[in-house]
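See below for the structure under consideration.
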Amino acid sequence: MIPPAATALLTIDLDAVVANWRLLAERAGAAECAAVVKADSYGLGADRIAPALAAAGCTTFFVATVDEGIDLRRRLAEARIFVLSGPMPGSEGAFTAHRLIPVLNSLDQIGRWRGAAALHFDTGMTRLGLPAAEAEQLAGRPELLAGIEPVLAISHLACADDRDSGLNRAQREIFADRAGWLPGAVPRSLAASSGIFLGPDYHLGMVRPGAALYGLNPTPGRPNPMAPVVRLEAKILQVRDVDTPLTVGYGATHRVACKGRLATVAVGYADGWLRSLGNRGHGVIGGERVPVVGRISMDLTTFDVSRAPADAVRPGGVIELIGPGHDVDAAAAEAGTIGYEILTSLGRRYTRRYVGVGA
Ligand SMILES: *Cc1c(COP(=O)(O)O)cnc(C)c1O
């Protein structure tokens, strides 16, 4: 049931997130399973998700920015919190004050830091992390690490979602080579969600899943082993019977071809229901898949509900936009993007309901 005053409801299942973390931890064997909760837990609410994971036994968290780290520290007094972007000049004090551990990505960041840190070696992503030349300098001049206590070495795979990519093995070997001079007691971490499913060679000392915790499929093209976390339901505002000649929405891009029924719901691109879903996306009502017709507006989407059960189609009735059988990955495929972008685009306008542990 959507509360009377709400027009759309986003339900987030904390039990499913915890079950996903447990499954990933089990897959990772002896490796520690951390949790990546950057971008507000991929848009789903780090303030609710991180404590649920901590209660389940997760002790290490990754965020992208120092501000995210400061927010997370307020919720988790004890956890180990790594900040992937590392310290910007002048932000070192914030790290110390909130007991955040930077991931050091360059000799410049290394030079400005004293204390515990993770070292990030770039091995083929060419984004963040010590480039080959800087890693070589560091290996040859250990004094550059004076005052730094390395507690973790990380690298990041570029093609982990493609089991057949030769880059996976190559990056694993380069990582072993670049980080090989560090004391053996410093744990290594290479795998994010998809990397965990490349097998034990990729688990090393720690895995760092994000997407799979939130139900996205870490093994594209194969069945999704993760439990669904998100359901998105929208109320029907208006129903109308239509016949030719009529067009629907901005730009008149959909032409009504025969007698039928349309229903308009209160979700649009301002809610992260991406505009690219116009004339391509689907919802589900009364067990029937119903297509989006016309362009997505800022606040509204219209569906062709001609084939849906007549009793379900009424103002106040509910069209499910994301749910079992048409998950985030499916909506992403229809929108021409990836599930990560759908999740992190979910808007602030939804009534949010958390179910499961601690909710
Ligand atoms: C975002 C990120 C992760 C998590 O990736 P998923 O694919 O969401 O599991 C892990 N490590 C780094 C460095 C990242 O930037």
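Structural remarks
- Scope the stretch 240-278; condition open to solvent by 70 Å² or more (accessible area, probe 1.4 Å) and within 14 Å of Arg295 (Cα to Cα); matching residues: Tyr250, Arg255, Tyr269, Arg275
- Selection status of Ile49, modelled with pLDDT under 95 and under 30 Å from Val318 (Cα atoms): no
- Check on Glu134, away from the ligand (no atom under 15 Å from the Cβ), farther than 25 Å from Ala211 by Cα, open to solvent by 60 Å² or more (accessible area, probe 1.4 Å) and touching a residue at least 24 places away in the same chain (Cβ under 8 Å): no
- Filter result (in a loop (DSSP other than H, G, I, E, B) and touching a strand residue (DSSP E or B) at 6+ places or on another chain (Cβ under 9 Å)) within the stretch 119-130: Asp122, Leu128, Gly129
- Among the numbered conditions (1) of a type in the set (Gly, Ala, Ser); (2) under 21 Å from Gly339 (Cα atoms); (3) not in a strand (DSSP E or B), the only one that Gly251 does not meet is (2).
- Test: residue in the stretch 244-266 that is out of contact with any helix residue (DSSP H, G or I) (no Cβ under 7 Å at 6 or more places or on another chain) and in contact (Cβ under 8 Å) with a residue 60 or more places away in the chain: yes
- Residue among Leu152, Leu198, Leu204 that alone is touching a residue at least 24 places away in the same chain (Cβ under 8 Å), in contact with a helix residue (DSSP H, G or I) (Cβ under 8 Å, 6 or more places away or on another chain) and not assigned by TED's automatic domain parsing to the domain that holds Asp299: Leu198
- Here Ile148, Ile174, Ile236 are screened, and the one residue that is touching a Pro at 6+ places or on another chain (Cβ under 6 Å), more than 13 Å from the ligand (Cβ to nearest atom) and farther than 18 Å from Asp329 by Cβ is Ile236.
- Residue match in the stretch 243-255 (condition: under 33 Å from the mean Cα position of the chain (by Cα), within 24 Å of Ala6 (Cβ to Cβ) and among the polar types (S, T, N, Q)): no
- Identity of the residue in the stretch 297-321, free of Cβ contacts under 8 Å to residues at least 40 places away in the same chain and not small (Gly, Ala, Ser), that ends up most open to solvent (accessible area, probe 1.4 Å): Arg307
- Residue among Leu232, Leu237, Leu182, Leu216 that alone is open to solvent by less than 20 Å² (accessible area, probe 1.4 Å), outside any loop (DSSP other than H, G, I, E, B) and touching a residue at least 24 places away in the same chain (Cβ under 8 Å): Leu232
- Which numbered condition Arg231 misses (of (1) closer than 19 Å to Ala333 by Cα; (2) within 16 Å of the ligand (Cβ to nearest atom)): (2)
- Residue satisfying all of: in the stretch 158-179; free of Cβ contacts under 8 Å to residues at least 24 places away in the same chain and under 27 Å from Glu143 (Cβ atoms); least open to solvent (accessible area, probe 1.4 Å) among these: Ala176
- The stretch 322-359 - residue that is β-branched (Val, Ile, Thr) and open to solvent by less than 40 Å² (accessible area, probe 1.4 Å) and, of those, farthest from Leu237 (Cα to Cα): Thr337
The values are calculated or read from the model by the stated rules, or taken from the named source; none is laboratory data. Everything numeric here is computed off the predicted structure, so don't read it as measured data. Please note: Cβ atoms are built from the backbone with ideal geometry, for glycine as well, and neighbour counts cover all protein chains shown. What goes into the accessible areas is simple: the full protein's heavy atoms, side chains included, and nothing from ligands, DNA or RNA. Shrake-Rupley method; radii C 1.70, N 1.55, O 1.52, S 1.80 Å.
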